[in-house]
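Have a look at the structure below before the remarks.
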């Protein structure tokens with residue numbers, strides 16, 4: 001017996017309907033070199049229809065891939081809605097990748113149109129000639145983008161779409177091998193959006209003003225553009241200043257932002273600029289992309305801001321968990337917030353032994369590779385018939401190594417490729433990094449395994465000192481600091497001071513670069 005409910009398709013159309021009909025007076029603000037651009041959701045919805053009409057007139061059809069090479073701004077938001085609602089596929093290009101990688105990605109996706117911010121034209125010109133599928137380039141300026149919209153009426157008859165229709169795609173960052181395409185459906189994004197509104201996850205609601213430093217090319221800005229539209233939250237965009245701590249603070253203060261989002265390296269930089277200032281309207285900072293040091297969470301807590309650690313990846317749309325404590329308080333709550341949290345609604349996970357693949361217990365001690373499943377978790381990559389990262393029983397192998405507490409809170413130990421095996425025992429580079437970064441003289445730290453003639457690998461710490469301590473910090477005091485927390489054989493064989501930890505295109509520590517340049521250790 002089937003239920004008798006309407007077969008209502010879960011598509012982005014409904015989110016746009018809410019934007020236009022319920023929240024037309026809400027604001028979208030974008031930083032510019034000469035001030036800010038400000039308009040309402042109602043004005044945005046009209047422009048979305050004009051944009052869809054313009055794209056259709058240029059020959060864009062259902063299923064066509066329309067790429068964006070753009071910063072976080074209001075025009076990019078218009079593309080986020082117009083492209084999937086007309087049945088095409090939004091493909092956000094990572095502007096921090098090399099021209100060769102971008103050429104590969106655009107060809108792999110089969111992009112037919114690329115919409116580019118004017119400031120990024122020099123980057124586009126380095127690879128677009130190598131993408132024969134591209135029929136048209138639209139430049140986000142008055143002469144091109146705005147002229148196209150001005151020629152259209154603010155009306156468009158949206159097609160009825162199957163909810164499993166592709167609506168967007170993002171590519172993995174390609175730190176090993178070529179980047180791989182992850183294709184999101186209307187259904188998966190709709191369900192992800194609904195989960196983002198729940199109080200146990202991001203808790204986005206109508207009273208929020210969201211300021212995302214997470215790039216819109218990175219896993220759809222963690223789903224925030226659609227969560228904001230569904231809930232009716234105001235949106236503030238930093239445009240090309242999304243890595244500028246001073247610009248972030250200025251926007252957060254003047255626009256009274258309540259919800260900020262970005263990777264840990266962003267919040268380390270902002271903390272340096274905060275000094276004695278406060279952001280009284282900020283109720284939460286969503287922080288993801290890599291493990292967050294407890295010291296960073298505590299530093300923001302002292303300034304009256306709640307920094308919530310999140311876990312996910314491009315392949316999980318990306319929200320897999322957010323570390324909100326349940327009914328706990330004090331030290332117990334901080335312990336929970338120092339994890340990556342329990343699984344988000346609709347997401348299930350387990351951990352598997354790194355060598356045997358056997359499922360491990362949730363005891364907070366055993367650690368293995370995280371495997372996940374759920375309606376917004378990828379089943380395969382674009383242009384691949386299957387995925388070596390999907391198990392025979394349908395779980396996605398994430399490559400992250402973790403333990404899980406009996407309450408379901410996950411503690412990331414490492415990436416599978418980063419965990420260090422020394423003398424037959426596992427050493428967590430993430431735990432060492434977080435402990436080093438809790439030292440008051442340390443700004444950033446990364447730990448890698450370096451080949452060793454006797455122990456196979458040994459941990460080596462790469463440390464960036466705070467500017468005011470660069471002449472006084474020593475390796476011995478770092479090791480003394482660590483010795484109170486770890487067994488002797490966990491301690492790094494060397495502490496190497498560097499000016500900056502190399503970063504990936506999405507702001508994570510790039511340990512691959514450190515490993516490539518590291519000399520093997522001598523036996524001692």
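Among (1) in contact with a strand residue (DSSP E or B) (Cβ under 9 Å, 6 or more places away or on another chain); (2) more than 21 Å from residue 465 (Cβ to Cβ); (3) not in a helix (DSSP H, G or I), which single condition is residue 247 missing?
The number of the failed condition is (3).
Kindly indicate whether any position in the stretch 262-272 is under 27 Å from residue 93 (Cβ atoms), in a strand (DSSP E or B) and within 17 Å of the chain's Cα centre (by Cα). Give the derivation first.
Narrowing the stretch 262-272 to residues under 27 Å from residue 93 (Cβ atoms): 262-270.
Checking which are in a strand (DSSP E or B) leaves us with 262.
Among the residues that remain, those that are also within 17 Å of the chain's Cα centre (by Cα) are: 262.
The answer is yes, given that some residue of the stretch 262-272 is under 27 Å from residue 93 (Cβ atoms), in a strand (DSSP E or B) and within 17 Å of the chain's Cα centre (by Cα).
Among strands (runs of 3 or more DSSP E) lying entirely in the stretch 394-466, which contain 1 or more residues that are farther than 28 Å from residue 380 by Cβ and out of contact with any strand residue (DSSP E or B) (no Cβ under 7 Å at 6 or more places or on another chain)? Steps first, answer last, please.
Working: elements: 396-404, 410-415, 420-422, 425-427, 442-452, 456-465.
The qualifying strands (runs of 3 or more DSSP E) are 425-427.
Can you pull out every residue in the stretch 492-513 that is in contact (Cβ under 8 Å) with a residue 40 or more places away in the chain, under 30 Å from the mean Cα position of the chain (by Cα) and part of a loop (DSSP other than H, G, I, E, B)?
492, 500, 501, 504, 505, 506, 507, 508, 510
Within the stretch 361-385, which residues are modelled with pLDDT under 95, exposed (fewer than 12 other Cβ atoms within 10 Å of the Cβ) and more than 26 Å from residue 190 (Cβ to Cβ)?
365, 385
Scan the stretch 315-323 and tell me whether some residue there is surrounded by fewer than 20 Cβ atoms within 10 Å (Cβ to Cβ) and either assigned to a loop (DSSP other than H, G, I, E, B) or at pLDDT 95 or above (or both). If you could, list the steps in order and put the result at the bottom.
Taking the stretch 315-323 and keeping what is surrounded by fewer than 20 Cβ atoms within 10 Å (Cβ to Cβ), we get none.
Within the stretch 315-323 (the criterion being surrounded by fewer than 20 Cβ atoms within 10 Å (Cβ to Cβ) and either assigned to a loop (DSSP other than H, G, I, E, B) or at pLDDT 95 or above (or both)), the answer is no, since none of the residues qualifies.
Could you say whether any residue in the stretch 467-485 is assigned to a loop (DSSP other than H, G, I, E, B) and either closer than 30 Å to residue 171 by Cβ or at pLDDT below 90 (or both)? I'd like the intermediate steps shown before the answer.
Step one: filter the stretch 467-485 for residues assigned to a loop (DSSP other than H, G, I, E, B), giving 470-474, 484-485.
Now narrow it down to the ones that are either closer than 30 Å to residue 171 by Cβ or at pLDDT below 90 (or both): 484-485.
Yes, some residue in the stretch 467-485 is assigned to a loop (DSSP other than H, G, I, E, B) and either closer than 30 Å to residue 171 by Cβ or at pLDDT below 90 (or both).
Run residue 489 past the list (1) in a helix (DSSP H, G or I); (2) within 27 Å of residue 313 (Cβ to Cβ); (3) touching a strand residue (DSSP E or B) at 6+ places or on another chain (Cβ under 8 Å); (4) at pLDDT below 90 and report the number of the one that doesn't hold.
(2)
Can you name the condition, by its number, that residue 202 falls short on among (1) in a loop (DSSP other than H, G, I, E, B); (2) under 30 Å from residue 53 (Cβ atoms); (3) touching a strand residue (DSSP E or B) at 6+ places or on another chain (Cβ under 9 Å)?
Of the numbered conditions (1) in a loop (DSSP other than H, G, I, E, B); (2) under 30 Å from residue 53 (Cβ atoms); (3) touching a strand residue (DSSP E or B) at 6+ places or on another chain (Cβ under 9 Å), the odd one out for residue 202 is (2).
The conditions are (1) touching a helix residue (DSSP H, G or I) at 6+ places or on another chain (Cβ under 6 Å); (2) surrounded by 21 or more Cβ atoms within 10 Å (Cβ to Cβ), and residue 441 fails exactly one of them. Which is it?
(2)
For the stretch 330-389, give me the residue count where each residue is assigned to a strand (DSSP E or B) and more than 19 Å from the chain's Cα centre (by Cα).
8
Which residue out of 65, 38 is surrounded by fewer than 18 Cβ atoms within 10 Å (Cβ to Cβ) and either in contact with a helix residue (DSSP H, G or I) (Cβ under 9 Å, 6 or more places away or on another chain) or closer than 14 Å to residue 237 by Cα (or both)? Walk me through it before giving the result.
Working: 65 fails: surrounded by fewer than 18 Cβ atoms within 10 Å (Cβ to Cβ).
None of the other options fit; the residue is 38.
Determine whether residue 20 is within 16 Å of residue 78 (Cβ to Cβ) and surrounded by fewer than 19 Cβ atoms within 10 Å (Cβ to Cβ). Steps first, please.
Values: within 16 Å of residue 78 (Cβ to Cβ): yes; surrounded by fewer than 19 Cβ atoms within 10 Å (Cβ to Cβ): yes.
Judged against the criteria, residue 20 is a match.
When you go through 279, 307 one by one, which is the residue that is crowded, with 21+ Cβ neighbours inside 10 Å and either over 29 Å from residue 374 (Cα atoms) or over 22 Å from the mean Cα position of the chain (by Cα) (or both)?
Values: 307 fails: either over 29 Å from residue 374 (Cα atoms) or over 22 Å from the mean Cα position of the chain (by Cα) (or both).
Exactly one residue qualifies, and that residue is 279.
Scan (1) closer than 30 Å to residue 42 by Cβ; (2) in contact (Cβ under 8 Å) with a residue 24 or more places away in the chain; (3) out of contact with any strand residue (DSSP E or B) (no Cβ under 9 Å at 6 or more places or on another chain) for the single condition residue 142 breaks and write down its number.
Of the numbered conditions (1) closer than 30 Å to residue 42 by Cβ; (2) in contact (Cβ under 8 Å) with a residue 24 or more places away in the chain; (3) out of contact with any strand residue (DSSP E or B) (no Cβ under 9 Å at 6 or more places or on another chain), the odd one out for residue 142 is (2).
For residue 301, indicate whether it is farther than 25 Å from residue 238 by Cβ, in contact with a strand residue (DSSP E or B) (Cβ under 9 Å, 6 or more places away or on another chain) and modelled with pLDDT of 90 or more.
On the way: farther than 25 Å from residue 238 by Cβ: no; in contact with a strand residue (DSSP E or B) (Cβ under 9 Å, 6 or more places away or on another chain): yes; modelled with pLDDT of 90 or more: yes.
Spelling it out, it is not the case that residue 301 is farther than 25 Å from residue 238 by Cβ, in contact with a strand residue (DSSP E or B) (Cβ under 9 Å, 6 or more places away or on another chain) and modelled with pLDDT of 90 or more.
Just for the stretch 94-121: of the residues that are in a loop (DSSP other than H, G, I, E, B) and touching a residue at least 12 places away in the same chain (Cβ under 8 Å), which one is surrounded by the fewest Cβ atoms within 10 Å (Cβ to Cβ)?
Quick first cut of the stretch 94-121, residues in a loop (DSSP other than H, G, I, E, B) only: 94-98, 110.
Remaining after also requiring touching a residue at least 12 places away in the same chain (Cβ under 8 Å): 94-97, 110.
On the way: 94: 22, 95: 21, 96: 17, 97: 22, 110: 19.
Looking at the filtered set, the residue picked out is 96.
Out of everything in the stretch 324-356 that is free of Cβ contacts under 8 Å to residues at least 12 places away in the same chain and over 21 Å from residue 431 (Cβ atoms), what residue ends up being surrounded by the fewest Cβ atoms within 10 Å (Cβ to Cβ)? I'd like the intermediate steps shown before the answer.
Step one: filter the stretch 324-356 for residues free of Cβ contacts under 8 Å to residues at least 12 places away in the same chain, giving 327-333, 335, 355-356.
From what is left, the residues that are over 21 Å from residue 431 (Cβ atoms) are 327-330, 356.
On the way: 327: 6, 328: 13, 329: 8, 330: 8, 356: 9.
Ranking the candidates gives 327 first.
Going through the stretch 273-298 one residue at a time, which ones are touching a helix residue (DSSP H, G or I) at 6+ places or on another chain (Cβ under 8 Å) and part of a loop (DSSP other than H, G, I, E, B)?
The first filter runs over the stretch 273-298 and keeps only residues touching a helix residue (DSSP H, G or I) at 6+ places or on another chain (Cβ under 8 Å), leaving 273-274, 277, 279, 281-282, 285-298.
Listed by number, the residues that qualify are 277, 279, 281, 282, 288, 289, 290, 291, 292, 293.
The values are calculated or read from the model by the stated rules, or taken from the named source; none is laboratory data. Model, not experiment: these values are computed from the prediction. Every residue, glycine among them, receives a Cβ derived from its backbone with ideal geometry; neighbour counts consider all protein chains shown.
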